[in-house]
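A.B. asks: Attaching a single structure in structure tokens format; questions to follow.
Read the figures in this text as sums done on the coordinates, not as results from a lab. As the structure is a prediction and not an experimental result, all values here were calculated from the model. As a convention, Cβ positions derive from the backbone with ideal geometry for all residues, glycine included, and neighbour counts pool all protein chains shown.
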Amino acid sequence: MADPIIAKRFESLVLPHMNSAFNVARWLTHNDQDAQDVVQEAYLRAFRFFGSFRGEDARAWLLSIVRNTFYTWHQQNRGHAAQTTEFEEDLHSLESDSAGNDDSPEVRLIRNQSRKRVHDALRSLRLEYREVVVLRELEELSYKEIAVIVGIPMGTVMSRLGRGRQQLAALLAPTDQEA
Amino acid sequence: MEHEQAIELLPGYIDEELSLSESLEFERHLAGCALCKQAYEQQRQVSAQLRQADLHWEAPPELAQRIRAALPGRRSPWQRFTEWLAGSGAFGGGAGQGGAGARLGWAPAGAMVLSLVALTWSAGLYLSIPSANTRLTQELVDSHVRSLQFDHLYDVVSTDRHTVKPWFDGKLDFAPPVVDFAQEGYPLVGGRLDYLNGRAVAVMVYRYKLHPINLYVWPGNDAGATPHVIERQGYHLANWSAAGMNYWVVTDAGDAELNGFITNLRAHPAS
């Protein structure tokens, strides 16, 4: 079998991007288990299509498969009640996330509060805006890469990003309760 | 530059994705447009907030294990062991006690011990390597389970064998036999390509009531003509060879249903 060479190449080029893959899947699905399933499925697909990978950016290539896998999954699960139950889960993991550092409880609380606001705002963004914002702001991909991953022209990437940011700005605008 | 156009280009300006001339034109407009200035401030701030909040989700460690286990050509314990040795420098710690010369002097001995350990280890592993057949049945069960997740079950959906069979053309270096047994209670629902035993194989998907039945076919003559049925993880598997093709069936349907399927399949001339 010539496979060990391919497997080795796959392992060194594609496997290291699992955190990016999971991050994107997690932001798209809003759910830990679903994100894991999507990423696993995406990796299996990626392995199957690895022959068509021409050595461009492996991360962008993988992320486009993650996105496609997600959309297939999403279409099948549309109308599923699962969407409503994961909210709590998000909050818990977000709180426990930064519990490890040694800031004072007050500092941590304030940081967590603002972080939670940003998190919730992004979470509530419509899918088509959320995906470009996540790819740009969290994964720091170029417009060109995002255009390829999402399958839209670069101009559309730019306008979706603009609209997404504008909506986030409205959601994050200081309210009366805050100092 | 028109205001409409400037607003469109604003995100690109923030992300430094505009051409030089676009940037200059945009800046000229920005200087005199309060609306754009406000939007620019808002978007820039949102961008900064998002980055500062560090909203990355990290992949749980068990996911990496799951994926490695599910990928074909999984790594052997031996590979992992050697990598662990290389990564951890397991034998480097103790040598630090002596001087530099002592460390140097002991290095060949250390290497020898290491290779001895490795040799014994690999011999042990060799003896405990599961037979090719055990590995294949495990691969089949994995593949079957995987096929039930997401839209994995079929790549071509059709109950018509004249659609399924041509679909394989050009995708495989052999023509799998595709037969329909809808009359007998085993309708053909589709086909897909899969990767098994180190090669691409054809999979015909049938159903018995709600039970999916995966039929894997690839060229070869690895088994006898009499179907051999085994059970793994609650799934029934059967394999045999006929007319130069290896057949494997995996299903969660019962023994009797599986046997019925096999009888039908073997009764039909390959088409």
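A.B. asks: Give the residues of the stretch B:163-211 that are under 21 Å from B:Q138 (Cα atoms) and touching a Ser or Thr at 6+ places or on another chain (Cβ under 7 Å), sorted by residue number.
C.D. replies: Selection gives B:D194, B:L196, B:H211.
A.B. asks: Are any residues in the stretch B:16-43 within 41 Å of the chain's Cα centre (by Cα) and crowded, with 16+ Cβ neighbours inside 10 Å, and if so, which ones?
C.D. replies: B:E17, B:L18, B:Q43
A.B. asks: Check off (1) in a loop (DSSP other than H, G, I, E, B); (2) more than 7 Å from every other protein chain (Cβ to nearest Cβ); (3) among the aromatic types (F, W, Y) for B:Y40 and give me the number that stays unchecked.
C.D. replies: (1) is the only condition that B:Y40 fails.
A.B. asks: Let me ask another. Of a type in the set (A, V, I, L, M, F, W, C), without any contact (Cβ under 8 Å) to a residue 24 or more places away in the chain and either in a helix (DSSP H, G or I) or in contact with a helix residue (DSSP H, G or I) (Cβ under 7 Å, 6 or more places away or on another chain) (or both) - does that describe any residue in the stretch A:138-147?
C.D. replies: yes
A.B. asks: Something else: Taking A:V132, is it assigned to a helix (DSSP H, G or I) and within 12 Å of the chain's Cα centre (by Cα)?
C.D. replies: Here the answer is yes, as A:V132 does meet what is asked.
A.B. asks: I've got another one for you. Any idea which of (1) surrounded by fewer than 18 Cβ atoms within 10 Å (Cβ to Cβ); (2) in contact with a strand residue (DSSP E or B) (Cβ under 9 Å, 6 or more places away or on another chain) is the one B:P176 doesn't satisfy?
C.D. replies: Unmet condition: (1).
A.B. asks: Now for a different question. Among the residues of the stretch B:1-37, which ones are in a helix (DSSP H, G or I) and at the interface with chain A (Cβ under 10 Å from one of its Cβ atoms)?
C.D. replies: B:I7, B:E8, B:L9, B:L10, B:P11, B:G12, B:Y13, B:I14
A.B. asks: Show the residue pairs meeting these rules: Cβ distance below 9 Å; 6+ apart or different chains; first residue within the stretch B:176-197 and in a helix (DSSP H, G or I); second residue of a type in the set (F, W, Y).
C.D. replies: Taking only residues 6 or more apart or on different chains, the pairs are B:E184/B:F261.
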